[in-house]
1. Just add up the charged neighbours of residue 106: K/R +1, D/E -1, any other residue whose Cβ is under 10 Å from the Cβ of residue 106.
2. Fully extended, how many nm does the chain gain between residue 182 and residue 113 (0.36 nm per residue separation, minus their Cα-Cα distance)?
3. What's the whole-number percent of alpha carbon pairs in segment 45-185 lying beyond 20 angstrom?
4. Quick check: convex hull over the Cα atoms of segment 81-159, volume per residue in Å³, rounded to an integer?
5. May I ask you to list the aspartates and glutamates whose Cα is less than 15 Å away from that of residue 108, ignoring any residue fewer than eight positions away on the same chain?
6. Would you list which lysines come within 18 Å of residue 174, measuring only between C-alpha atoms, while excluding same-chain residues fewer than 8 positions from it?
7. Show me 105-115, 159-169 ranked by packing, highest mean number of other Cβ atoms within 10 Å first.
8. Label-point separation (nm) for residue 79 and residue 122, each offset 7 Å from Cα along Cα-to-Cβ?
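Rule-based calculations on the coordinates, nothing more; no lab input. In this text the structure is predicted, and so the values were computed from the model without any measurement. Backbone-built Cβ (ideal geometry, glycine too); neighbour counts: all protein chains shown.
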Amino acid sequence: MHLFLTKQLMAAAFLLSAVVSGRASISVKEEASANVQPLLPTGKWLNGTFSMSNWWSYDGKQYVGNPYSQSIAFNFSEKDKSEFFLVIKTHTGYCSTEAFTYMKGTVKFTEGERSFTFTPASGSYRGFYSCASGSNFNRPAKQSELKPSKYYWSMEKDSQGADMLVIRFNSDPKSAGSYFKKGDW
């Protein structure tokens with residue numbers, strides 16, 4: 001009995017690996033016509049940038065940070081819920097400016113065109129100005145700011161073989177995309 005179950009499990013694993021590995025070589029249109037569900041990019045995805053220069057105080061004794069950094073993140077749940085995060089920071093050597101955008105809503109993936117539409121239901125905006133603290137703010141998103149956004153996505157591997165989510169503003173796979181790594185925050 002044990003040998004029979006082992007053979008069955010091995011056969012199932014082989015079939016599953018053949019189906020999953022074969023999917024990488026067929027186009028989105030072929031997937032749609034074959035009624036194959038693409039592997040949706042659920043989970044947390046992070047894209048971040050940083051400046052190649054750093055700011056030191058003018059006397060050279062104190063490190064005061066990067067002059068510019070930006071991070072964008074998506075969190076896609078398996079129940080069509082989604083979150084969007086945008087963090088931007090600038091630093092002039094004396095003053096820091098920080099902006100944080102958070103949106104929470106739903107996401108709808110359209111399989112045939114490998115797109116998703118994020119529809120925010122709520123959100124907030126925060127701004128911090130170290131040299132002009134009277135301008136700091138923290139406010140909820142206005143209804144007029146909660147508009148759906150449509151993106152196109154694909155999956156690629158980085159040089160270490162890790163999955164990268166590529167998001168584009170149009171359906172042309174040769175257009176510039178933003179590359180997101182799997183996150184764990």
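1. +3
2. 22.6 nm
3. Of all Cα-Cα distances in segment 45-185, 58 percent exceed 20 Å.
4. Measuring per residue, one finds 120 Å³ for the Cα hull of segment 81-159.
5. Within reach: 78, 80, 83.
6. 29, 150, 157
7. Put in order of decreasing packing, that is 105-115, 159-169.
8. Between residue 79 and residue 122, the simple spin-label model gives 1.5 nm.
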